[in-house]
Amino acid sequence: MSDVGTDYEYLKKKILAITGVDLNAYKENQMKRRLDTLIRKHGFKDYVEYCECVRTDKDIKEEFLGYMTINVSEFYRNPDQWEFLDKTVIPELIKRFGKNLKIWSAACSTGDEPYSLVMALSRHLPLNMIKIYATDIDNQILAQAKNGIYSDKSIKGVPADLLEKYFEKVGTSYKIKDEIKSRVEFKQANLLDNNYPKGFNMIVCRNVLIYFTEEAKDNVFRRFHDSLVPNGVLFIGSTEQIVNYRDLDYSRKNSFFYERN
Ligand SMILES: C[S@@+](CC[C@H](N)C(=O)[O-])C[C@H]1O[C@@H](n2cnc3c(N)ncnc32)[C@H](O)[C@@H]1O
């Protein structure tokens, strides 16, 4: 087949116009490779043909949004960081801001992260006081999150007592109970847009910024800064350390937790 990947500039422009997603914000090599694989799989002749289909076919558009980044997630991903959250960060947040914490799981994927947050908070607060706002760009993945059914691989990090209390075994899968589900409000939102919600005591954004260029990443950290209240906490992923945190007006607690000044 002909080389689908000759005019990436064209693809970026068209995709922005059709979906509102600015591919300039994502690392180019990685993204182009992924999209070329998808386009070849369908047998499109070139980017022009593919973009036309993204414009006219809802399923192909949804597939694009689902494919452009990896949706892999799991409960209590990187358990040491959740241990620090449980033992240090949550008690500090409650001391500092009281029991009505406003928390945002940004790029929440299949819901493992916001549901883990509800369970982690349930060790410190009554469930009916917990509310997590959870967003992702991908509507299909949000539908899965709301469904709340997981494989044994996804739930392997859940502490045994919480697994027993908050999951129901359905065949070989695990269904999260409504008392946890009802504490999370899911909404579709693009982190590359400007209109971030405000007033959060903690923002959790993990394993998505690795796909972004340095410039796009810094812009997200700046917007998170404006979305956090003073001394609010930003919890990020394992490979996403903020090297220039001082320039961005954060203090560093450790590699994964930063505080807005
Ligand atoms: C690897 S998952 C991370 C899930 C979870 N935070 C975790 O650490 O397990 C990355 C998620 O980022 C989402 N995503 C990618 N680009 C985005 C954007 N511009 N705005 C919002 N979400 C985005 C994807 O749809 C995907 O669900």
Among the numbered conditions (1) within 16 Å of the ligand (Cβ to nearest atom); (2) not assigned by TED's automatic domain parsing to the domain that holds residue 200, tell me where residue 50 comes up short.
-> (1)
Yes/no for residue 250 being within 19 Å of residue 90 (Cα to Cα), in contact with a Leu (Cβ under 6 Å, 6 or more places away or on another chain) and open to solvent by less than 10 Å² (accessible area, probe 1.4 Å) | no
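If you go through the stretch 51-63 one residue at a time, how many are of a type outside the set (A, V, I, L, M, F, W, C) and modelled with pLDDT of 95 or more?
Restricting attention to the stretch 51-63, the residues satisfying the condition of being of a type outside the set (A, V, I, L, M, F, W, C) are 52, 55-59, 61-63.
Adding the requirement that they be modelled with pLDDT of 95 or more leaves 52, 55-57.
Counting residues in the stretch 51-63 that are of a type outside the set (A, V, I, L, M, F, W, C) and modelled with pLDDT of 95 or more gives 4.
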Can you find a residue in the stretch 116-133 that is farther than 14 Å from residue 181 by Cβ, in the same structural domain as residue 229 (by TED's automatic domain parsing) and at pLDDT below 95?
-> no
Mind checking which residues of the stretch 217-261 are in a helix (DSSP H, G or I) and among the aromatic types (Phe, Trp, Tyr)?
-> 221, 224
Selected residue (only one of 110, 69 is part of a loop (DSSP other than H, G, I, E, B), under 27 Å from residue 152 (Cα atoms), within 11 Å of the ligand (Cβ to nearest atom) and modelled with pLDDT of 95 or more) | 110
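Listed here are the residues, each with its yes/no results for (1) surrounded by fewer than 14 Cβ atoms within 10 Å (Cβ to Cβ); (2) more than 16 Å from the ligand (Cβ to nearest atom); (3) more than 20 Å from residue 71 (Cβ to Cβ).
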site	(1), (2), (3)
151	yes, no, no
159	no, yes, yes
196	no, no, yes
228	no, yes, yes
Test set (1) in contact with a strand residue (DSSP E or B) (Cβ under 8 Å, 6 or more places away or on another chain); (2) within 28 Å of residue 156 (Cα to Cα); (3) open to solvent by 20 Å² or more (accessible area, probe 1.4 Å); (4) within 16 Å of the ligand (Cβ to nearest atom) - residue 213 fails condition number = (2)
Residues 131, 165: which one is of a type in the set (D, E, K, R) and under 20 Å from residue 103 (Cα atoms)?
-> 131
Any chance you could count how many residues in the stretch 174-191 are more than 12 Å from the ligand (Cβ to nearest atom), without any contact (Cβ under 8 Å) to a residue 60 or more places away in the chain and assigned to a strand (DSSP E or B)?
-> 3
Looking only at residues in the stretch 72-102 that are within 11 Å of the ligand (Cβ to nearest atom) and surrounded by 17 or more Cβ atoms within 10 Å (Cβ to Cβ), which one is nearest to the chain's Cα centre (by Cα)?
-> 73
Hey, residue 144 in contact (Cβ under 8 Å) with a residue 60 or more places away in the chain and more than 23 Å from residue 89 (Cβ to Cβ) or not | no
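The values are calculated or read from the model by the stated rules, or taken from the named source; none is laboratory data. Bear in mind the structure is a predicted one, so any value in this text is a computation, not a measurement. Positions of Cβ are backbone-derived with ideal geometry, glycine not excepted, and every protein chain shown enters the neighbour counts. Areas reflect the complete protein model, heavy atoms only, side chains present, ligands, DNA and RNA absent. Shrake-Rupley method; radii C 1.70, N 1.55, O 1.52, S 1.80 Å.
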